[in-house]
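A.B. asks: Have a look at the structure that comes next, please.
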Amino acid sequence: MKSLSLKNLAKTYFDAYKGEHVTAIRDVSLEVPAGEFVSIVGPSGCGKSTILNMVAGFIPHSGGHILVGGEPVKGPGPDRGVVFQSFALFPWKTVLDNVGFGPKMRGVPKAERDAIAREYLALAGLSHAADRYPTELSGGMQQRVGVVRALANEPDVLLMDEPFASVDAQTRMTLQDELSRIWEERRPTVVFITHDVPEAVFLANRVVVLSKGKVLAEVDVPISRPRV
Ligand code: ADP
Ligand code: ADP
């Protein structure tokens, strides 16, 4: 697992509609030790996705530094896994093959990656869905598979952008419980974006409040599980 370090991070976009530069991230410094679970909360437009996309290496930053495991981020890499709000599973692959896709890309042989995928599906209580196709599953189930797929890649840093925003309340609680259980077992470094404060507090051991592109507050949270 790798640490994450943001130092005086800044991002300006050129807004083609306004014809001017807009500052999305002003001066964000944040240290996330390896194995820590940090939630970033804040209202829409405060810059949460921008931070995540820069850490993922999808977009360049305009100032400051991003270090993953002490190394500057130069682009996307297999050490960082990303989960978005919409899951984007491969519809022509079974759940097992979707979950095993990351290991496949790393050249892991079929038998071994099937074993990895089955292990992660079991961790999430999804063994029964292994041979189903995504379209046979509800949206909530697909999102659960999406999260498992990201975890089966065993990234050092897991970046999650409102991953549970589009599922019903019951599924959302199931996903939260699954994620916290897997995190406690495997301890990946996690950055979790949400605008839901209870969710942020339930999942993370540190909550960062972002406002207008700046860190407003950082709060350590005692782990409060189990919930039920
Ligand atoms: P959040 O994830 O907290 O909702 P974002 O990171 O998406 O916030 O956006 C932060 C700010 O940057 C907003 O003002 C948004 O309009 C602006 N922004 C985001 N992406 C772009 C882009 N590609 N071009 C121009 N402005 C952008
Ligand atoms: P979020 O769910 O993070 O609030 P948004 O709906 O604000 O996301 O943005 C969705 C996408 O649109 C993102 O890829 C973001 O970078 C882009 N975007 C947001 N604001 C702007 C903008 N003002 N100009 C161009 N692209 C933008």
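The values are calculated or read from the model by the stated rules, or taken from the named source; none is laboratory data. Everything numeric in this text was worked out from a predicted model, so none of it was measured. All Cβ positions, glycine included, derive from the backbone under ideal geometry; neighbour counts span all protein chains shown. These accessible areas exclude ligands, DNA and RNA; they are computed on the full protein's heavy atoms, side chains included. Shrake-Rupley method; radii C 1.70, N 1.55, O 1.52, S 1.80 Å.
A.B. asks: Restricted to region 24-56, and to residues that are of a type in the set (S, T, N, Q) and more than 8 Å from ligand 1 (Cβ to nearest atom), which residue is farthest from Gly81 (Cα to Cα)?
C.D. replies: Among residues in region 24-56 that are of a type in the set (S, T, N, Q) and more than 8 Å from ligand 1 (Cβ to nearest atom), the one farthest from Gly81 (Cα to Cα) is Ser29.
A.B. asks: Okay, moving on. Looking only at region 1-37, which residues are basic (Lys, Arg), within 16 Å of ligand 2 (Cβ to nearest atom) and either at pLDDT 95 or above or open to solvent by less than 60 Å² (accessible area, probe 1.4 Å) (or both)?
C.D. replies: Residue satisfying the conditions is Lys11 alone.
A.B. asks: Also: Would you confirm whether or not region 120-130 contains a residue that is surrounded by fewer than 16 Cβ atoms within 10 Å (Cβ to Cβ), of a type in the set (S, T, N, Q), over 30 Å from Ile66 (Cβ atoms) and touching a Gly at 6+ places or on another chain (Cβ under 9 Å)?
C.D. replies: no
A.B. asks: Can you name the residue in region 133-154 that is of a type in the set (Val, Ile, Thr) and crowded, with 19+ Cβ neighbours inside 10 Å and is also nearest to Val95 (Cα to Cα) among such residues?
C.D. replies: Selected residue: Val145.
A.B. asks: Here's a follow-up. So the check is Cβ under 6 Å with 6+ separation or different chains; which pairs have a first residue in region 1-19 that's small (Gly, Ala, Ser) and a second one that's not in a strand (DSSP E or B)?
C.D. replies: Listed pairs, sorted by first residue: Ser3/Pro33; Ser3/Ala34; Ala10/Ser62.
A.B. asks: Tally time: how many residues in region 133-154 are in a loop (DSSP other than H, G, I, E, B) and within 17 Å of the chain's Cα centre (by Cα)?
C.D. replies: Total satisfying the criteria: 2.
A.B. asks: OK, next. Go through region 38-59 and count every residue that is within 25 Å of Glu154 (Cβ to Cβ) and open to solvent by 80 Å² or more (accessible area, probe 1.4 Å).
C.D. replies: 1
A.B. asks: Separate question: How do the strands (runs of 3 or more DSSP E) wholly within region 155-228 filter down when requiring 3 or more residues that are open to solvent by 30 Å² or more (accessible area, probe 1.4 Å) and touching a strand residue (DSSP E or B) at 6+ places or on another chain (Cβ under 7 Å): which remain?
C.D. replies: Qualifying strands (runs of 3 or more DSSP E): 214-220.
A.B. asks: Can you name the residue in region 83-102 that is among the β-branched types (Val, Ile, Thr) and under 16 Å from the mean Cα position of the chain (by Cα) and, of all such residues, is nearest to Ser166 (Cα to Cα)?
C.D. replies: Taking the candidates together, the pick is Val83.
A.B. asks: I would also like to ask the following. Could you list all residues from region 67-108 that are buried (at least 16 other Cβ atoms within 10 Å of the Cβ) and among the aromatic types (Phe, Trp, Tyr)?
C.D. replies: Once the filter is applied, which keeps residues that are buried (at least 16 other Cβ atoms within 10 Å of the Cβ) and among the aromatic types (Phe, Trp, Tyr), region 67-108 yields Phe84, Phe87, Phe101.
A.B. asks: Check off (1) touching a Lys or Arg at 6+ places or on another chain (Cβ under 6 Å); (2) more than 23 Å from Thr171 (Cβ to Cβ) for Lys110 and give me the number that stays unchecked.
C.D. replies: (1) is the only condition that Lys110 fails.
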